[in-house]
1. For Leu126, only one of the following conditions fails: (1) closer than 30 Å to Cys162 by Cα; (2) in contact with a Phe, Trp or Tyr (Cβ under 9 Å, 6 or more places away or on another chain); (3) outside any loop (DSSP other than H, G, I, E, B); (4) among the aliphatic types (A, V, I, L, M). What is its number?
2. Report the residue count in the range 145-157 for those that are modelled with pLDDT of 95 or more and either assigned to a helix (DSSP H, G or I) or within 20 Å of Ala69 (Cβ to Cβ) (or both).
3. Sort through Ile188, Ile212 and tell me the only one that's touching a residue at least 60 places away in the same chain (Cβ under 8 Å), touching a Ser or Thr at 6+ places or on another chain (Cβ under 8 Å) and either surrounded by fewer than 19 Cβ atoms within 10 Å (Cβ to Cβ) or under 28 Å from Ile237 (Cβ atoms) (or both).
4. Quick check on this structure: which one of Ile229, Ile181 is more than 17 Å from the chain's Cα centre (by Cα), more than 16 Å from the ligand (Cβ to nearest atom) and not small (Gly, Ala, Ser)?
5. Can you find, within the range 307-356, the residue that is nearest to the chain's Cα centre (by Cα) among those that are assigned to a helix (DSSP H, G or I) and more than 10 Å from the ligand (Cβ to nearest atom)?
6. Does Ile275 fit the bill of being at pLDDT 60 or above, more than 13 Å from the ligand (Cβ to nearest atom), closer than 22 Å to Leu339 by Cα and not polar (S, T, N, Q)?
7. Can you give me the number of residues within the range 214-240 that are at pLDDT 95 or above and farther than 12 Å from His347 by Cα?
8. Do you know which residues across the range 84-110 are crowded, with 23+ Cβ neighbours inside 10 Å and not aromatic (Phe, Trp, Tyr)?
Amino acid sequence: MVDGREPNLPPTRPALLEGRSLTKIFHRRRLGFDRTHKGVAVDGVDVTVREGESVGIVGESGSGKTTLARVLARLERPSSGRVLFRSEDVTRHPARQLRNLRSEVRFMFQSPDAALNPRLRIREALAEVVRIQDGCRSRGKIMQRVDELCAQARLETRLLDCLPAQLSGGERRRVMVARSIAGKPSLILADEPVANLDPVIQTEILVLLEEIRARRRLAFVVITHDLAILTSFCERILVMKSGLILEEFPLGTSVEMDSTRHPYTRRLFDSSITIAVREGRRPNFAQSRNMISGGRVSQDPGPALRRQLERGCPYREECALFQKEGRPGLCERDRPPLLPRNASSGHKIACHLLRE
Ligand code: SF4
């Protein structure tokens, strides 16, 4: 077993959920203005999640990672591109035709407070999901199933009679885990599954998810701004910025931050407080704050620069390599495509200058 990951799954597993050239554009009206502003949240992304695979999507706030996951789960319709579930095109399916997708692909929302009804006791909140996902009708069966879910999520049964507000942050997370494993899911999309938890509880939740993943052979997509969380959980990592995937790489026993890495991935690595503490170096607090708040430099560059950044590499204004190489015109003119850097390792990178 590598870092707790499953050793005996076939190397090429069938594709479970695929996104093909996915784009999601939001049109927002600015306060006090009649004209709408176009925001490209996901920009022509290709992604495949295979059966039993754990994939991490990392990027600062506003990079498009949550929108990509929501589009893949068909909680949002893509503006263009296709979503395939078990090779079936579900892009334009109406809600009533998405029953299989809804029961097999589950979305664990970032905020338990927003996902849980504050007036519903945990027992009833879980019973509702069991009724829908397990198709149980008798009260006795439903309660038996609720107890089983509690045991699997390591949630104390005495908490079933509580309201969400009476639970700690870690306990509410366990309720979210229990909800997501009701029925027979094949894939869980977990949006910031350990956000706002202290490090001990974070570890407990990650260990719990890893146990559930291995026992049920589930596929997982974990979305986070902290690369450290993914290094302990995922087999493959996608790095996103400005709606694009800038790098994709498999994970072995460690993440090598050498010259083959995308400059943005290296910045994410440097900004991770958890990794810095693990390696015994001083964290870069300014960068960490940027990642969580959305990195103001890149998040809101203003209308003029935003228009310029719609062409060329979206990372160029922060890229040390771009500056070092004398601001190459190629980086300013053309979007770098995500291409294999090393075909045998599965490492892909979107950078004009870092090609083998
Ligand atoms: S394409 Fe150019 S600007 Fe973008 S990461 Fe590579 S070197 Fe930097």
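The values are calculated or read from the model by the stated rules, or taken from the named source; none is laboratory data. Computed from a prediction, not measured in an experiment: that's the story for all the values here. Don't worry about glycine lacking a Cβ; one is built from the backbone with ideal geometry, like all the others, and counts go over all protein chains shown.
1. All conditions are met except number (2).
2. 8
3. Numbers: Ile212 fails: touching a Ser or Thr at 6+ places or on another chain (Cβ under 8 Å).
So the residue among Ile188, Ile212 that is touching a residue at least 60 places away in the same chain (Cβ under 8 Å), touching a Ser or Thr at 6+ places or on another chain (Cβ under 8 Å) and either surrounded by fewer than 19 Cβ atoms within 10 Å (Cβ to Cβ) or under 28 Å from Ile237 (Cβ atoms) (or both) is Ile188.
4. Values: Ile229 fails: more than 17 Å from the chain's Cα centre (by Cα).
Unique residue meeting the criteria: Ile181.
5. In the first step, residues of the range 307-356 are kept if they are assigned to a helix (DSSP H, G or I); the result is 307-309, 316-318, 320-324, 329-333.
Now restrict to residues that are more than 10 Å from the ligand (Cβ to nearest atom): 307-309, 329, 333.
On the way: Arg307: 27, Gln308: 28, Leu309: 24, Gly329: 33, Arg333: 29 Å.
Only one residue fits best here, namely Leu309.
6. Details: at pLDDT 60 or above: yes; more than 13 Å from the ligand (Cβ to nearest atom): yes; closer than 22 Å to Leu339 by Cα: no; not polar (S, T, N, Q): yes.
It is false that Ile275 is at pLDDT 60 or above, more than 13 Å from the ligand (Cβ to nearest atom), closer than 22 Å to Leu339 by Cα and not polar (S, T, N, Q).
7. 7
8. Scanning the range 84-110 gives Val105, Met108.
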